[in-house]
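A short write-up of the structure that comes next.
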Amino acid sequence: MRTRQLGKDGPKVPVICFGTWPLGGAFGAIEYDQAITTLRAAIDAGLTFLDTAESYFDSQAKIGEAIEGRRDEIFLATKVSGSDHSAEHIQSALGESLRFLRTDYIDLYQLHSPQPQWPIEDTVGELMKHRDAGKIRYIGVSNFSADQTREAARHGLIHSSQPRYSILFRDSEEEILPACQELGIGAIVYSVMAKGLLASKYKPGHQFPPDDERHNWPHFKGELFERIYAVTEKLKAWAQDHGRDIVQLAIAWPLANPAVTSSIVGGRTVEQVLHDAQAGDWLLTDDDLREIDEIQGDLRLESIAIPRWSDRAKPS
């Protein structure tokens, strides 16, 4: 697996990061043993950069079991979620993450979302205390705007930012990714598959079950989805003409942006993990990118927040 440096002076990490939101059950229930097997297959395939969060249901506990005896192979990222950025909650959340993940340090500890009601200088200062104590090694932010990222970086060393970014959702190109380059921050981009819109798996009329977070997502409904589907079918054909498929295209495309360090991908099965890992060696050329833009035309989707189900019971 190729690697890139995280931030201007950070460690080398794989260009594909394995995200564990799906293994927590975001797209429907998953058997515990299947999740462990999938995680171990991801690590074996070179996806040793693992991303999770306080609010990803039981994914932290699953990771903890899967990496036992292999901690030194893993670059482990998690997040403090929710609206409480008090020193007390950060300390409690970090302690829980360390316990679930069965480790005594986190490689990358991230703020899951901005919480302006808590002064960012206090929040970053608290994270730096834990860094100085050896409990975390690097600090990151997620879902922060360009201005919020700059503000956080004024109060401490920020190594990563985690924005939404994909062929279909390109909002981050306007300000966030340029700010990351300006500040020397590595972008770890999520939802590169656009929650399955780029999987060429779901056709117009598809109904997601109630326990799948996408069941009310407007991008999978009506005329908008029909338009998206028409474009993704053309992208699918383009990828096949290049000896790949649309899933690998969706993973490789963000990596063509010089601001991006890693594409975050999720997977629920061993087969998906092994397939996704192969995208790590696909280097898209400028001509490739121009052809993709021509196929896509003016289809640019607006991000719509989907609530995280953080009120579900966490593992004890």
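The values are calculated or read from the model by the stated rules, or taken from the named source; none is laboratory data. A quick note: this is a predicted structure, and the numbers were derived from the prediction, not measured. No Cβ is skipped: glycine too gets one built from the backbone with ideal geometry, and neighbour counts run over all protein chains shown. Remember, those area values only see protein heavy atoms, side chains included, never the ligands or the DNA or RNA. Shrake-Rupley method; radii C 1.70, N 1.55, O 1.52, S 1.80 Å.
Rolling a 1.4 angstrom probe over the protein heavy atoms, how many square angstrom per residue are accessible across the chain?
Working: 13370 Å² over 316 residues.
Ligands and nucleic acids excluded, the figure is 42 Å² per residue.
Can you list the GluC sites (Glu not before Pro) in region 172-202 that are in a DSSP coil and have 16 or fewer other beta carbons within 10 angstrom?
174, 175
Give the residue from 199, 66, 43 lying farthest towards the positive end of the charge dipole for the chain; charges sit on Cβ (+1 for Lys and Arg, -1 for Asp and Glu) and the dipole is referred to the Cα centre.
Final value for the positive-end residue is 66.
I want to check the label-to-label distance for residue 175 and residue 133. Put each point 7 Å from Cα in the C-beta direction and report it in nm to one decimal.
A separation of 3.5 nm, rounded to one decimal place.
Mind giving me the nanometre distance, one decimal, between the label points for residue 155 and residue 211, set 7 Å out from Cα along Cα→Cβ?
Placing both labels 7 Å along Cα→Cβ, they lie 4.0 nm apart.
Could you tell me what percent of the DSSP beta bridges with both partners in the chain are antiparallel, to the nearest 5?
Expressed as a percentage, antiparallel bridges in the chain total about 15.
How long is the gain from residue 299 to residue 71 if the chain were fully straight, where each residue apart is worth 0.36 nm and the alpha carbon distance is subtracted?
77.8 nm
If one takes the longest principal axis of the Cα atoms in the chain, at what angle in degrees, from 0 to 90 and to the nearest 10, does the Cα axis of helix 87-101 lie?
The two axes meet at around 70 degrees.
Out of the total accessible area of region 97-178 (probe 1.4 Å, heavy atoms of protein only), what percent is carbon and sulfur?
On the way: 1590 of 3380 Å².
Carbon and sulfur together cover 47 percent of it.
Please report the net charge: other residues with Cβ closer than 12 Å to the Cβ of residue 140, K and R +1, D and E -1.
Residues close to residue 140 contribute a combined charge of +1.
When the chain is fully extended, how far beyond the present Cα-Cα distance does residue 289 get from residue 240, taking 0.36 nm per residue of separation?
Net length gain for the segment: 16.1 nm.
Residue by residue through region 234-248, what is 3J(HN,Hα) from phi via Karplus (6.51 cos²θ - 1.76 cosθ + 1.60, θ = phi - 60°)? Round to whole Hz and write x for glycine and proline.
Once rounded to whole Hz, the list reads 5, 5, 4, 5, 4, 4, 5, 5, 9, x, 10, 9, 5, 5, 5.
How would you classify region 135-196 from its alpha-carbon gyration tensor, with a ≥ b ≥ c the square roots of the eigenvalues: rounded for a/c under 1.5, else prolate if a/b is greater than b/c, otherwise oblate?
Oblate.
Would you work out if region 161-232 is rounded, prolate or oblate? Take a ≥ b ≥ c from the square roots of the eigenvalues of the alpha-carbon gyration tensor; rounded if a/c is under 1.5, else prolate when a/b is larger than b/c, oblate otherwise.
Prolate shape, in that a/c is at least 1.5 and a/b is the bigger ratio.
Region 50-80: which GluC sites (Glu not before Pro) are DSSP loop and have at most 14 other beta-carbon atoms within 10 angstrom?
Of the GluC sites (Glu not before Pro), the ones in loops of region 50-80 whose Cβ has at most 14 other Cβ atoms within 10 Å are 68.
Can you work out ³J(HN,Hα) from phi for every residue in region 256-264, in order, using Karplus 6.51 cos²θ - 1.76 cosθ + 1.60 and θ = phi - 60°, giving whole Hz and x for Gly and Pro?
Ordered by residue, 3J(HN,Hα) equals 6, 7, x, 7, 8, 8, 9, 9, 8 Hz.
Using a 1.4 Å probe on the protein heavy atoms only, what accessible surface does residue 285 show? Give it in Å² to the nearest 10.
Residue 285 exposes around 70 Å² with every protein chain in place.
Using a 1.4 angstrom probe on the protein heavy atoms only, line up 70, 99 by accessible area, largest first. Can you show the working numbers first?
Details: 70 55, 99 135 Å².
Descending accessible area places them as 99, 70.
On a 1.4 Å probe surface of the protein chains, which of 215, 242 comes out largest in accessible area, and what is the full order?
Highest to lowest solvent-accessible surface, that is 242, 215.
Quick check for me: using +1 on Lys/Arg Cβ and -1 on Asp/Glu Cβ, what's the dipole size of the chain about its Cα centre, in debye to the nearest 20? Write out the running numbers ahead of the final one.
Working: 34 positive and 47 negative charges, 90 e Å.
The calculation lands at about 440 debye.
For Cα pairs less than 8 Å apart in space and 6+ apart in sequence, what is the mean separation divided by the residue count of region 164-239, i.e. the relative contact order in percent?
Relative contact order comes out at 26 percent.
In sequence order, what are the phi-derived ³J(HN,Hα) couplings for region 11-16 according to the Karplus relation 6.51 cos²θ - 1.76 cosθ + 1.60 with θ = phi - 60°, rounded to whole Hz, with x for glycine and proline?
These are the phi-based 3J(HN,Hα) values: x, 7, 10, x, 6, 10 Hz.
Just to confirm a number: summing +1 for Lys and Arg and -1 for Asp and Glu over residues other than residue 119 whose beta-carbon lies under 11 angstrom from that of residue 119, what do you get?
Numbers: positive: none; negative: 121, 122, 126, 151.
With Lys, Arg at +1 and Asp, Glu at -1, the net is -4.
Hey, got the dipole for region 138-296? About the Cα centre, +1 on K and R Cβ, -1 on D and E Cβ, debye to the nearest 20? All intermediate terms of the calculation are to be shown ahead of the outcome.
On the way: 15 positive and 24 negative charges, 94 e Å.
The calculated dipole for region 138-296 is roughly 440 debye.
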